[in-house]
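Worksheet: one structure, shown below.
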Amino acid sequence: MNQVGSSLIHLDNLHVSFKGGASGQRLRVLDGIKLLVLEGQFLTILGPSGCGKSTLLRVMAGLLPPERGEIRWQGDLLENRASRMAMNFQKPVLLPWLSVWENALLPVRLTGKTNGHVLAPDLEQRLVDLLNLTGLARFAHSMPHELSGGMQMRAALVRTLITRPDLVFMDEPFSAIDELTRQDLGQEFREIAQSSGAATVFVTHSIQEAAFLSDRIIILSPRPSHIVEDLEVRYGNERTDALRRSRDFLDVCDHLREVMAHG
């Protein structure tokens with residue numbers, strides 16, 4: 001594995017617990033997590049329901065402080081990181097009164113990098129390119145309620161990638177979408193993220209989704225969670241429908257099921 005110098009995030013001995021029920025006892029969720037998130041890598045977090053996958057994602061994103069342990073961003077403390085992260089949630093969370101175009105520009109406008117409604121030529125081209133890549137060019141001025149669920153998620157992906165983040169967090173973003181659209185969106189997002197050089201940390205319950213999209217998969221144990229498997233997936237960058245039928249893919253799926261069943 002690469003050294004810390006080529007990592008975006010370095011987690012060292014992370015512990016997280018929450019206040020429990022009426023007894024007041026603490027519920028231990030994450031127990032001594034050690035992990036490197038590498039530049040340009042598609043990393044998936046897999047594990048049983050309730051094991052702390054989303055909690056780990058929020059800790060990495062700086063949204064939840066750990067009780068113990070250390071988080072470093074490109075070798076420095078997380079608090080000192082540049083704002084080079086973006087996050088997609090389970091729902092698109094588009095502002096209903098803004099068009100696809102204006103929703104996509106929200107992160108840029110919030111950072112004050114636009115001059116009113118005038119966009120820098122490179123930013124406008126970036127937005128046009130992302131709309132083309134996601135098949136939304138004809139819907140740039142449509143409102144969210146005029147879009148299907150899959151199209152809304154594509155619009156959210158454009159908004160996530162417009163700032164050229166180094167790292168994108170994805171918390172089960174396709175879970176509410178039908179299976180075929182889910183496969184298409186996952187494949188599209190991986191291709192776009194890879195072309196932009198962004199690393200991805202992706203949470204899913206789906207073994208097949210993890211096996212298809214990932215360069216690397218970590219499996220968490222039941223609570224209190226620790227990493228029971230850190231698997232490098234060796235398909236190369238090309239992901240096609242033929243891969244889903246290949247022996248290599250099916251072997252990875254079988255291995256993941258076995259680890260999750262006994263982890």
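Annotations
- Most mobile of 198, 86, 242 in a GNM of the chain (Cα contacts under 10 Å): 242
- Dipole magnitude for the chain: about 620 debye, using +1 per Lys or Arg Cβ and -1 per Asp or Glu Cβ, origin at the Cα centre.
- For the chain, built as a Gaussian network whose Cα springs stay under 10 Å, the top-fluctuating residue of 213, 123, 136: 123
- With the simple spin-label model, which puts each label point 7 Å out from Cα in the Cβ direction, the residue 95 to residue 109 separation comes to 0.4 nm.
- Förster radius 22 Å - calculated FRET efficiency between residue 237 and residue 143 (Cβ-Cβ, nearest 0.05): 0.05
- Considering helices alone, the calculated mean residue ellipticity of the chain at 222 nm is -10500 deg cm²/dmol, with DSSP H runs of length four and up weighted by -39500 (n - 2.57) and normalised per residue.
- Taking amide H as placed 1.01 Å from N in the peptide plane, the amide H of residue 200 sits under 5 Å from that of 41, 42, 43, 168, each at least 5 places away or on another chain.
- Shown for 188, 238: other C-beta atoms within 10 Å of each C-beta, ranked fewest to most, produce the order 238, 188.
- Extension gain, residue 205-residue 251: 0.36 nm per intervening residue step, less the Cα-Cα distance, totals 14.8 nm.
- Spacing of the modelled spin labels on residue 181 and residue 261, each 7 Å from Cα toward Cβ, amounts to 3.3 nm.
- Kyte-Doolittle at least -1.0, axis length at least 15 Å by Cα - qualifying DSSP helices, the chain: 100-110, 121-133, 149-161, 247-262
- For the chain, built as a Gaussian network whose Cα springs stay under 10 Å, the top-fluctuating residue of 160, 44, 134: 134
Computed from the coordinates by the stated procedures, all read-outs in this text should not be read as laboratory data. Predicted, not measured: the structure shown is a model, and the values here were computed from it. Note: ideal-geometry Cβ built from the backbone for every residue, glycine included; neighbour counts use all protein chains shown.
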